[in-house]
Amino acid sequence: MAEVRLTSVGKIYSGAVPAVKDITFSVPDGGFCVLVGPSGCGKSTLLRMIAGLETITMGEIRISDRVVNTVEPMDRDIAMVFQNYALYPHMSVYDNMAYGLRNRKTPEPEISARVAEAARILELEPYLERRPRELSGGQRQRVAMGRAIVRQPQVFLFDEPLSNLDAKLRGAMRVEIKKLQRQLGVTSIYVTHDQLEAMTLADQLVVMNQGVVEQIGEPLSLYERPETVFVAQFIGAPPMNMIDLAPGGGGPKGLDGSSELPVPASGARLGIRPEHLVVDEDGRPVPTRPGDIRLELAVDAVEAVGAETYIHGRLGGDGLMITAREHGKMLLPPGTSRVFTARRENLHLFDAATGRRVDI
């Protein structure tokens, strides 16, 4: 097992184009770290640098106590699971899983034992003689994971391994990957653009944007206390509502109570998660306390999805769209106006100039 430590790591392509800038964080021995962010943010480049598939321009990467900046990928004691499975179509499941060990001249009895154990863990024993074309997408992904497991590496690297699967299978495979990582106890770094996948898998979440790290921490801590506007809107579905406030707390039409917030001289952005907006029902206003926010929304659309209802409305009847999430079934006629309340303790405030969090 191993700790992975990155110190001031950067990557600049020809033409002085920075892909990754000044990345510093560590993944503890046995930890599960997820790199998440939109396409083009640098997360896959960073993973490939850890794997040795991309050279680094600056900084230092350590696996255990060894600096691996110039170490060849095959000598880093890592195993990587790719997005496209990367299985040999002419080989059986057994041979695909054994291939890397045979290249390393591992004795055949040990290969058989390792493949058998990986097949047992991944429930692939009935499929060992099949070719990849005879397997489902989920089974192929398990074979790719099995090939990594038999290596018994210090570190697992996952590059968006579930992106080719349908939604139901992705959910099942998320559970399998998390269970497997806990069972094996191998340090793991996982790349995804799917924030739900990131939230459910990670012990440690690294949110990236335009080549830099926006915030690092436990998934729920990032959800409950985002440090930047980007993290606030990227983590969570539906995304956090954002309302621009003028210096002094003046807000748009339909917003009441913002004057009591500590709005910086540059102005601010007020963030409210959809589930923290509580609607007045049947003409009975929600009781308020000092510092609470009240919003009047002109209802545009209502989505009833079973256990929850999503209400989309325009603040003050103007153009700013706000989404509220209510428990249970709630049918509000489009075109009507309703008032929603958000408690002060559930509000998030960000400096308009820097995008950084302001304490309320």
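The values are calculated or read from the model by the stated rules, or taken from the named source; none is laboratory data. Remember, it's a predicted structure, so these values are computed and weren't measured experimentally. Cβ coordinates were reconstructed from backbone atoms using ideal geometry, including for glycine residues, and neighbour counts include every protein chain displayed. Just the protein is used for accessible areas: all its heavy atoms, side chains included, with ligands, DNA and RNA removed. Shrake-Rupley method; radii C 1.70, N 1.55, O 1.52, S 1.80 Å.
Points worth noting:
- Considering (1) out of contact with any Asp or Glu (no Cβ under 6 Å at 6 or more places or on another chain); (2) polar (S, T, N, Q); (3) in contact (Cβ under 8 Å) with a residue 40 or more places away in the chain, the lone condition that Q154 does not fulfil carries the number (1).
- Taken over region 1-51, the criterion of being of a type in the set (G, A, S), open to solvent by 20 Å² or more (accessible area, probe 1.4 Å), within 24 Å of D203 (Cα to Cα) and not in a strand (DSSP E or B) is satisfied by G30, S39, G40, S44.
- Test: residue in region 328-338 that is open to solvent by less than 60 Å² (accessible area, probe 1.4 Å), under 28 Å from G249 (Cα atoms) and in a loop (DSSP other than H, G, I, E, B): yes
- Counted residues, region 115-138 - those being open to solvent by 10 Å² or more (accessible area, probe 1.4 Å), in a helix (DSSP H, G or I) and either closer than 25 Å to R174 by Cβ or in contact with a Pro (Cβ under 7 Å, 6 or more places away or on another chain) (or both): 10
- Single residue of E345, E296 found to be modelled with pLDDT of 90 or more, open to solvent by 70 Å² or more (accessible area, probe 1.4 Å), more than 17 Å from A232 (Cβ to Cβ) and not in a loop (DSSP other than H, G, I, E, B): E296
- Within this structure, A98 passes the test of being closer than 26 Å to Q183 by Cα, touching a Ser or Thr at 6+ places or on another chain (Cβ under 9 Å) and part of a helix (DSSP H, G or I).
Residue by residue, here is whether (1) farther than 24 Å from A232 by Cβ; (2) aromatic (F, W, Y); (3) in contact with a Cys (Cβ under 8 Å, 6 or more places away or on another chain) holds:
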| residue | (1), (2), (3) |
| --- | --- |
| L270 | no, no, no |
| S337 | yes, no, no |
| F350 | no, yes, no |
| A353 | no, no, no |
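- Selection of first residues in region 32-45 that are within 21 Å of Q154 (Cβ to Cβ) and at pLDDT 95 or above and of second residues that are among the polar types (S, T, N, Q) and surrounded by fewer than 23 Cβ atoms within 10 Å (Cβ to Cβ), restricted to Cβ pairs under 6 Å at least 6 apart or on distinct chains, gives the following pairs, ordered by first then second residue: F32/Q181; C33/Q204.
- Region 112-141 residues that are free of Cβ contacts under 8 Å to residues at least 60 places away in the same chain, paired with ones that are charged (D, E, K, R) and surrounded by 19 or more Cβ atoms within 10 Å (Cβ to Cβ) (beta carbon under 7 Å, 6 or more apart): L122/R142; L124/R142; P132/R140
- Filtered by the rule that a residue be farther than 21 Å from F230 by Cβ, among the small types (G, A, S) and touching a residue at least 60 places away in the same chain (Cβ under 8 Å), region 163-212 gives S163, G185, S188.
- Count of residues meeting criterion [under 34 Å from the mean Cα position of the chain (by Cα) and outside any strand (DSSP E or B)] in region 281-293: 2
- Annotation: G211 fulfils all but one of (1) over 24 Å from F156 (Cα atoms); (2) buried (at least 20 other Cβ atoms within 10 Å of the Cβ); (3) modelled with pLDDT under 95; the unmet one is (1).
- Helices (runs of 4 or more DSSP H) fully within region 173-238 that include at least 2 residues being farther than 23 Å from I322 by Cα: 195-201, 219-224.
- Selection status of E160, touching a residue at least 60 places away in the same chain (Cβ under 8 Å), open to solvent by 10 Å² or more (accessible area, probe 1.4 Å) and within 22 Å of the chain's Cα centre (by Cα): yes
- Selection status of G236, open to solvent by 50 Å² or more (accessible area, probe 1.4 Å) and either touching a helix residue (DSSP H, G or I) at 6+ places or on another chain (Cβ under 8 Å) or of a type in the set (G, A, S) (or both): no
- Count - residues of region 254-280 that are open to solvent by 10 Å² or more (accessible area, probe 1.4 Å) and outside any loop (DSSP other than H, G, I, E, B): 8
- Count of region 139-163 residues which are part of a helix (DSSP H, G or I) and over 17 Å from Q181 (Cα atoms): 2
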